[in-house]
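A quick write-up on the structure given underneath.
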Amino acid sequence: MDPVDAARHTFRSNFHTEPTLLVRAPGRVNLIGEHTDYNGLPVLPFAIDRATAVAAGPSIAPALEAVSTTFAPPATLPLDATPATVPEPWHRYLAAAIAVIRDRLDGRGARLAIASHIPPASGLSSSSALTVGVLLALDTLHTLRLAPDELAELAARAERLAGAETGGMDQRVIVFARPGALLRIDFLPPAMRPLPLPAEWALVVASSGSPAPKGGAARNAYNQRVVATRIAAVLLADMLGAQLEGTPLLGNVAAIDAAPLLVDELPARISARKAAAMAGVPLQPLVALSAGTFDPDAPLPIRQYARHVLTEAERVDLACAAVEANDLAALGELMLASHTSLRDDYRCSTPALDTLVHAMTRAGAAGARLTGAGFGGFAIAITQHGSEHAIIEAALRATGGPAFPVIPSQGAAVL
Ligand code: GLA
């Protein structure tokens, strides 16, 4: 069943009334530019034709009552709930959404029914689709008049409160995507540019067979990379004699010509505390997370992480040029190089993802790579129209799937 119909139906059967409104928020796939967003460096994602739908109506109680066709149990959250005070993992995303707009809700609750056909814990951003969908539903229901930029920013903040110190890619593309186009997103300074996907190209995604959860060990592995790349930014800035304001980002130094050359001079492993002392900067901005603090004494492999991020940012520029020049072979090479870098330097691939990327490439894909944070989840492949079937078959043989074509689609909308 279409998720919009499923959400409407679930609303009726749970709350015995019609929903006031329906929202549809798509999942996303990142074509290239992985683990660059939280460094203020560009990404090239698109929204997919699979979505989370939210049916919403007012609640008499000052609470968020929510039911999902994917996750149990249903939630009844007071409006002062925070992700830290709710035990159920999916309730944390609801609590985080409330937390970022609490002062605008003025005690007004809501009833929500949620349905999705984005595979959960897949790296296809089911969690951001949920957060954007819930925020857009509450915005519309209570006439909060959030500007699209604000919606994307609040959803990103909510996701960080839920535990992973993520960048803003997922929420921005889910809010701003256009049908038929990739969306290049820049963060320093903020900018967006749709790039139409050439008509003869096709995109396939496939599961590695293991989940890409956002909780537990995966969250820690993600946050470790966020902190490690901040450390690299501080040390590179120190070598270059540059001053960084606020949270140190590799994006602040990437544009300086000498920066990529100095990456090999970075220590192979260093803790945040030692790096802060070495560069003479405060420790706190290195280890502060929206939901806690990272261990300042953990030695982190910053040289290889920085090398991935800086080379990946260059690949995004080259990939945009390849899309605009209709050069599928060049784009495919860049995707394969991205996967290799994520596997060897960023260490966020898995043997199953590597096997999958190899299988799809052998079956004729011009390029393939893991997509999203990694540590499991899905890979994306690009090919000429007509070859999708062979690639899907190869993926199914390699991992058991699921594997399916995806079409660049419209961003979130109130229906
Ligand atoms: C997750 C995060 C994004 C981004 C990717 C890696 O999807 O939510 O912000 O960092 O990982 O590119």
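Seen through its C-alpha gyration tensor, with square-root eigenvalues sorted a ≥ b ≥ c, the stretch 200-341 comes out oblate because a/c lies at 1.5 or above while a/b is not bigger than b/c. Under 5 Å between amide hydrogens, built in the peptide plane, is the criterion, and for Asp49 it picks out Ile407 among residues at least 5 positions away or on other chains. Taken as Cα centroids, the stretch 106-121 and the stretch 60-77 sit 8 Å apart, rounded to the nearest whole angstrom.
Here the accessible area is traced with a 1.4 Å probe on the protein chains. For the stretch 209-280, carbon and sulfur cover 51 percent of it.
The 3J(HN,Hα) values that the Karplus relation (6.51, -1.76, 1.60; θ = phi - 60°) gives for the stretch 165-180 are, in residue order, 7, 7, x, x, 4, 4, 5, 5, 5, 5, 7, 9, 4, 10, x, x Hz. Gly and Pro appear as x. Centre-to-centre, using Cα atoms only, the stretch 1-33 and the stretch 208-267 are separated by 36 Å. Its residues counted as N, the stretch 170-274 yields a C-alpha radius of gyration over 2.2 N^0.38 Å of 1.40.
Take every Cα pair under 8 Å whose residues are at least 6 apart in sequence, average their separation, divide by the length of the stretch 3-196, and the relative contact order is 27 percent.
Scattering from the chain was approximated by placing one identical point on each alpha carbon and applying the Debye formula without solvent; log10 I(q)/I(0) at 0.07, 0.10, 0.13 1/Å stands at -0.32, -0.66, -1.09.
Of the accessible area of the stretch 3-196, computed with a 1.4 Å probe over protein heavy atoms only, carbon and sulfur atoms account for 55 percent. Taken per residue, the accessible surface of the chain reaches 38 Å², heavy atoms only and a 1.4 Å probe. The stretch 3-196 has equivalent-ellipsoid semi-axes of 27, 18, 15 Å, by the square roots of 5 times the alpha carbon gyration tensor eigenvalues, sorted largest first. The loop-placed GluC sites (Glu not before Pro) in the stretch 147-256, going by DSSP, that have at most 13 neighbouring Cβ atoms within 10 Å of their Cβ come out as Glu200, Glu245.
The values are calculated or read from the model by the stated rules, or taken from the named source; none is laboratory data. Nothing here was measured: the structure is a model prediction, and the numbers come from that model. When we count neighbours, we look across all protein chains shown, and the Cβ atoms used for this are built from the backbone with ideal geometry, even at glycine. In case anyone asks, the SASA skips ligands and DNA or RNA and just uses the protein heavy atoms, side chains included. Shrake-Rupley method; radii C 1.70, N 1.55, O 1.52, S 1.80 Å.
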